[in-house]
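The values are calculated or read from the model by the stated rules, or taken from the named source; none is laboratory data. The model shown is predicted, which means the values in this text are computed figures rather than measured ones. Because the Cβ atoms are built from the backbone with ideal geometry, glycine has one as well, and the counts that use them run over all protein chains shown. These accessible areas exclude ligands, DNA and RNA; they are computed on the full protein's heavy atoms, side chains included. Shrake-Rupley method; radii C 1.70, N 1.55, O 1.52, S 1.80 Å.
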Amino acid sequence: MSTDHLKIEHPIHPIPPRLLDEKNYPKPHIDSIQKYEELYKESIDNPDKFWARLAKEFLHWHKPFETVLSGDFEHGNIAWFQEGELNATYNCVDRHALKNPDKVAIIYEADEPDQGRNVTYGELLRDVCRLANLLKSYGVKKGDTVAIYMPMVPEAVVSFLACARIGAIHSVVFAGFSSEALKDRIIDASSKFVITADEGRRSGKTIHIKKIVDDAVKNCPIVEHVLVFRRTGSDVPFNSNRDIWWHDEIKKQRPHCPIQIVNAEDPLFILYTSGSTGKPKGLLHTTGGYLLGSAVSFKYAFDYHEGDIHGCMADIGWITGHTYIIYGPLANGATTVLFESTPLYPSPSRYWETVKKHKITQFYTAPTAIRLLRKHGQEHVKGHDLSSLRLIGTVGEPIQFEAWDWYDEVIGRKECPIIDTYWQTETGSIIITPLPGALPTKPGSAVYPFFGIDPVVLDPVTGEEISDIEAEGVLSIRKPWPSIARTIYNDHERYLNTYFRPYRGYYFTGDGVGRDKDGYYWIRGRVDDVINVSGHRLSTSEIESALLVHSSVAEAAVVGVHDDLTGQCVHAFATLKSDQEGTTDVKDLTLQVRKVIGPFAAPKRIYIVKDLPKTRSGKIMRRILRKIVAGETDQLGDLSTISDPSLISKLIDDVKNSN
Ligand code: PRX
């Protein structure tokens, strides 16, 4: 692949001197490039020694491990700290509550700015124990999966940790998914118990969560109980044979519950994500390795120090929320912000009000939010004291220079390093990032690998490793790290096929990448059929399948298109069955996607067309559709295999007319 654009000289941003000024700030844990290089080298040359040391330093083990790493990518049988036994909740709550019960664990910033509250470690422990006892009283035990479909309230965090306390596996479903998507995930994970709320609140609007759960579970005979937390107190349907009120039952429970000690390789959670095919993948993370990866990366990437207030704006329904709202901060005994609202509610100053109010030290969000706030203008930032911020971070998609500069100047005031953190649901924790006190940054680059990560750039066609420092290709990783997902729930074969078989012996990320002459990594985005809309990972075939379920749709093709605000957006083409023409419009089809997946997956545009471009063997040529919607009709490429060339001009007209 061409390496021409690696020749572009990018500005280098040194570490802001303020960060290294010991009068104002604690000394960064990793405060020079030499220190980073030394530790990085050890983590690659001697991973057993490196991770054994950190595992003992960061986690409490009820039974020590003997083996550090076993298994490899060739066989896809990775295990870490095999004989070790521990409990994730003990590590995230008990040990801090015992030492410092009054320290704030969670700052709940509710949708309405004046309705939040703080939860201390002592309170968190009591709440978690009560819920753990409640779960046990309904027969939930080690190894069972519990579905969690909750708004961003402290009780959601309590739910994660109550499951982990008793060795149950949580399967959190983002509360923006539709009832059908929730149903599929409940069935796939065989969850007999569901935790939810009456309603949610976002941007001043009500989300009818319980109703969505009711619709989902009516087709899941496996579900025995639904526990309902009262968030708004509105009247909601209640099935007394199945549903349980949180507030009624919790007060019957004792605020003490012994922990279930589990093996390091026992599952901690399942989290679904989109892949190249229509069916979502339930990635399974295990207790010891995941917790260690979260704890270590949290401390070093965010340069966490005692007293910091960590503000990760993600939703707990995604991996970012799991790792950097809950497990990473709490394993370090930190104070973490749980933000229930949106960047625009009640005004585009909401984030900055929140930073000021809680004196947030690390602020972490997605480029899509930065683009949105930049569009609203800096007058919404002015007048807010952001001086508590020590570093700011981004995650989820590549960040463009303009957004990076705005973040740097307006939010960071050129005094805060920006950490552009690259990782995935599969990696469990950050794998490429600048370390704020050690590595100068270049806007748009995720910089260097985190400890233990050995990235390689592969030629996508030959699979050969490109050993030149300047390289362009696909990103793979050579060696296992502790927090890599261990399997796809109930489908280990798919795990092997997706991650380890495309390039034998390596973990394949699915992302394109460039490495410049300074060894900096530039993530280019997905090379498979996954699209990234506002940092949400969607599969084109999942949306196509959703459209095909509609009784009028004959064929569907979905493509990802560049969008200035959301990074990418979804455009869908559909043909209708001949007897259905005229019966269905674009609105029906949009509703269909909202119903099957959720509102966040709704296509920005849907074109109902007469026919789709196909090869002579009948394969839909999405490449052509992508070019047409991008307006690049002069670059349609090789059309020799298309079965009906006359279709092209019709499609161009259809797209033009609908704009
Ligand atoms: O394409 C990459 C993009 O997000 C994908 C992972 O999505 P998900 O599993 O939902 O996890 C998102 C949050 C960790 C990756 O394959 N991605 C993530 N971080 C970055 C990124 N692309 C560019 N730069 C990043 N910093």
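One quarter of the convex hull surface, Cα atoms only: what value does that give for region 474-598 in nm²?
Taking the Cα atoms of region 474-598, their convex hull projects to 10.8 nm² on average.
Any idea how far apart N219 and V461 come out in nm if each label point goes 7 Å out from Cα toward Cβ?
Going by the 7 Å Cα→Cβ label model, 4.4 nm.
Regarding the chain, what are the three Cα extents along the principal axes, ordered largest first, in Å?
74, 63, 56
Between D21 and K357, how high is the FRET efficiency from 1/(1 + (r/R0)^6) when r is the Cβ-Cβ distance and R₀ = 30 Å? Nearest 0.05.
The formula returns an efficiency of 0.75 here.
Using a 1.4 angstrom probe with every protein chain in place, what is the largest-first accessible-area order of E544, E9? Working shown, then result.
Working: E544 15, E9 135 Å².
In descending accessible area the options line up as E9, E544.
Tally Lys and Arg at +1 and Asp and Glu at -1 over the other residues with C-beta under 10 Å from the C-beta of V570: what net charge comes out?
Here the count lands on +1.
Nearest 5 percent is fine: what portion of the DSSP beta bridges confined to the chain is antiparallel?
Close to 60 percent.
For S551 and V586, calculate 0.36 nm times their separation in residues minus their Cα-Cα distance, and state this gained length in nm to one decimal. Don't skip to the end; give the middle numbers.
Details: separation 35, 0.36 × 35 = 12.60 nm, distance 1.39 nm.
Stretched fully, the S551-V586 segment lengthens by 11.2 nm.
Over the heavy atoms of D611, what accessible area does a 1.4 Å probe trace out, to the nearest 10 Å²?
Roll a 1.4 Å probe over it and D611 shows about 60 Å².
Expressed in nm to one decimal, what extension gain is obtained for the pair K251 and S387 from 0.36 nm per residue of sequence separation less their Cα-Cα distance?
Extra length available between K251 and S387 comes to 44.8 nm.
Evaluate E = 1/(1 + (r/R0)^6) for S137 and L496, where r is the Cβ-Cβ distance and R0 equals 45 Å; express this FRET efficiency to the nearest 0.05. The partial results should precede the final answer.
Details: r = 39 Å, r/R0 = 0.87.
The pair S137/L496 has a calculated efficiency of 0.70.
Divide by every residue of the chain the summed helix terms, -39500 (n - 2.57) for each DSSP H run of at least 4, and state the resulting mean residue ellipticity at 222 nm, rounded to the nearest 500 deg cm²/dmol.
Taken over the chain, the calculation gives -7500 deg cm²/dmol.
What spacing in nm lies between the two simple spin-label points modelled at E306 and I187, each 7 Å away from Cα in the Cβ direction?
According to this spin-label approximation, the distance is 5.2 nm.
Roll a 1.4 Å probe over the protein heavy atoms and report the accessible area of R626 in Å², nearest 10.
For R626, solvent-accessible area is about 100 Å².
Test of understanding: what is the full-extension gain from S617 to S70, defined as 0.36 nm times their sequence separation minus their Cα-Cα distance?
192.4 nm
Beyond 16 Å, what percent of the Cα pairs of region 295-370 remain? Let's see the in-between values first.
On the way: 1314 of 2850 pairs.
When all Cα pairs of region 295-370 are counted, 46 percent exceed 16 Å.
If the label point is 7 Å along Cα→Cβ of K414, which residues in region 1-43 have backbone nitrogen under 13 Å from it?
13-14, 16-18
Using a Förster radius of 56 Å, what is the FRET efficiency between S240 and K577 based on their Cβ-Cβ separation? Nearest 0.05, please.
That gives a FRET efficiency of 0.80.
Taking the Cα-to-Cβ direction at Q378 and at K63 and moving 7 Å from each Cα, how far apart do the two end points lie in nm?
Spacing of the two 7 Å Cα→Cβ label points: 5.9 nm.
Could you order K23, K281, K610 by accessible surface area, starting with the largest, using a probe radius of 1.4 Å?
Solvent-accessible surface, decreasing: K23, K610, K281.
Provide the net charge surrounding Y506, with neighbours chosen by a C-beta distance below 11 Å and charges set as Lys +1, Arg +1, Asp -1, Glu -1. Don't skip to the answer; put the middle values down first.
Details: positive: R478, K479, R501, R504; negative: D72, E74, D454, E465.
The answer is 0.
Among K577/K650; K56/K442; K192/K279; K205/K359; K27/K517; K251/K357, which pairs are too far apart, with a Cα-Cα distance over 24 Å?
Cα-Cα > 24 Å for K56/K442; K205/K359; K27/K517; K251/K357; rest within.
If you check each cysteine of the chain for another cysteine whose beta-carbon is under 4.7 Å away, which ones come up empty?
Among the cysteines of the chain, those whose Cβ sits 4.7 Å or more from every other are C92, C163, C220, C312, C416, C569.
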